[in-house]
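Below is one structure, written out as structure tokens; the observations come after it.
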Amino acid sequence: MKLSNNYPSLRDKTVFISGGGSGIGACLVEAFYRQGAKVAFVDILEAESQALVSHLQALADENRQHGAVRFYPCDLTNIERLKQIIGQTEQDLGAIAVLINNAASDTRHNFLDVTEEYWDQRMQINLRHQFFAIQAVYPQMKQLGGGSIINLGSMSWYESQGGMPGYTSAKAAVLGLTRGLARDLGPDKIRVNTLTPGWVMTERQLTHWVTPETALDIEKNQCLKDSVMPEDVAAMALFLASDDSKLCTAQNFIVDGGWI
Ligand SMILES: NC(=O)c1ccc[n+]([C@@H]2O[C@H](COP(=O)([O-])OP(=O)(O)OC[C@H]3O[C@@H](n4cnc5c(N)ncnc54)[C@H](O)[C@@H]3O)[C@@H](O)[C@H]2O)c1
């Protein structure tokens, strides 16, 4: 991991990350761990998540004092389980100061094939858990005197990307969730922001969706021609979680290489 910024305000903070077992989420887990934070994460991918914990615990970095990391298996469509784990995290690591609502699923689907049940499932995976995680961490953050909530959005709906209306609709709604709750939680010094990645070259994107043709789209549409990597998203998340962004709330922070 090449990130160079050091945020002393993140040291010993409890950070809760959903979908931390792979992709951008796994990078977030490592980035916060390297800042000395106490990181709790949930995912359905148990083997990958356990491997990440082992990898982090084996990290030998003489220059930095690492934090703690804990994985809790959870299917986020089960809100009761999510709430229970958020309570357990407080007991295990202390009150949650930073929440990163990262988990999602961009599985493609034809709009003509979508049933009511499938629609509801897309909302559960891509939107509903974000709200209930915020509701559940609220008392912990209030007790701490403040906190930072980061909801992962997506540029896909803004760019009129088709082929996954259950994903793009939910991701557009994340902006509304952020702005409405930023107002409600502001008096308690709890900040709520959206972090919107562009097209990030995770393992899943490379194996599922990136082709020689789509790679040309990146070349054509991004002002900056380098690939957006999970670390670039993590860099913004660290800033938004730290006290250095203490007056930033209700905003959407985009990391997309200038996709126009
Ligand atoms: N990669 C991109 O190009 C890109 C672009 C725009 C937005 N985003 C957003 O960034 C975030 C992370 O993206 P990613 O590419 O790393 O996604 P990903 O699909 O690679 O990883 C998502 C993680 O969430 C977990 N997850 C999915 N459903 C779950 C469930 N029901 N319960 C628990 N865990 C579950 C997965 O197991 C996985 O570890 C998402 O919110 C995504 O919408 C990503």
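Residues checked against (1) at negative phi; (2) open to solvent by 50 Å² or more (accessible area, probe 1.4 Å):
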{"residue": "Leu82", "(1), (2)": "yes, no"}
{"residue": "Ile85", "(1), (2)": "yes, no"}
{"residue": "Gly94", "(1), (2)": "no, no"}
{"residue": "Ala97", "(1), (2)": "yes, no"}
{"residue": "Asn101", "(1), (2)": "yes, no"}
{"residue": "Arg108", "(1), (2)": "yes, yes"}
{"residue": "Thr115", "(1), (2)": "yes, yes"}
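Can you spot a residue in the range 44-63 that is modelled with pLDDT of 95 or more, touching a Phe, Trp or Tyr at 6+ places or on another chain (Cβ under 9 Å) and acidic (Asp, Glu)?
yes
Being closer than 22 Å to Ala172 by Cα, part of a loop (DSSP other than H, G, I, E, B) and at pLDDT 95 or above narrows it down to one residue among Thr194, Thr249; which is it?
Only one candidate qualifies: Thr249.
Out of the range 215-227, which residues are open to solvent by 30 Å² or more (accessible area, probe 1.4 Å) and assigned to a helix (DSSP H, G or I)?
Once the filter is applied, which keeps residues that are open to solvent by 30 Å² or more (accessible area, probe 1.4 Å) and assigned to a helix (DSSP H, G or I), the range 215-227 yields Ala215, Leu216, Asp217, Glu219, Lys220, Asn221.
Which pairs do you get when a residue that is farther than 26 Å from Ser154 by Cα, found in the range 3-27, comes within reach of a residue that is assigned to a strand (DSSP E or B) and not hydrophobic (A, V, I, L, M, F, W, C), reach meaning Cβ atoms under 8 angstrom, with the pair 6+ apart or on two chains?
What qualifies is Asp12/Lys38; Lys13/Lys38.
Identify the residue in the range 1-22 that is in a helix (DSSP H, G or I) and either small (Gly, Ala, Ser) or open to solvent by 10 Å² or more (accessible area, probe 1.4 Å) (or both) and, among all such residues, is nearest to Gly146 (Cα to Cα).
Ser9
Can you name the residue in the range 180-209 that is in contact with a strand residue (DSSP E or B) (Cβ under 8 Å, 6 or more places away or on another chain) and of a type in the set (Lys, Arg) and, of all such residues, is surrounded by the most Cβ atoms within 10 Å (Cβ to Cβ)?
The qualifying residue surrounded by the most Cβ atoms within 10 Å (Cβ to Cβ) is Arg191.
Could you pull out every one of the strands (runs of 3 or more DSSP E) wholly within the range 38-131 that has 1 or more residues that are within 12 Å of the ligand (Cβ to nearest atom) and more than 16 Å from the chain's Cα centre (by Cα)?
So the answer is 68-73.
Are any residues in the range 154-167 within 18 Å of Gln121 (Cα to Cα) and either assigned to a loop (DSSP other than H, G, I, E, B) or more than 10 Å from the ligand (Cβ to nearest atom) (or both), and if so, which ones?
Gly163, Met164, Pro165, Gly166
Could you check the range 189-206 and list, in sequence order, the residues that are within 14 Å of the ligand (Cβ to nearest atom) and either hydrophobic (A, V, I, L, M, F, W, C) or farther than 17 Å from Ala104 by Cβ (or both)?
Answer for the range 189-206, where residues must be within 14 Å of the ligand (Cβ to nearest atom) and either hydrophobic (A, V, I, L, M, F, W, C) or farther than 17 Å from Ala104 by Cβ (or both): Leu195, Trp199, Val200, Met201, Leu206.
The values are calculated or read from the model by the stated rules, or taken from the named source; none is laboratory data. Note that this is a predicted model, so its numbers are computed, not measured. For neighbour counting, all protein chains shown are included, and Cβ atoms are generated from backbone atoms with ideal geometry for every residue, glycine included. In case anyone asks, the SASA skips ligands and DNA or RNA and just uses the protein heavy atoms, side chains included. Shrake-Rupley method; radii C 1.70, N 1.55, O 1.52, S 1.80 Å.
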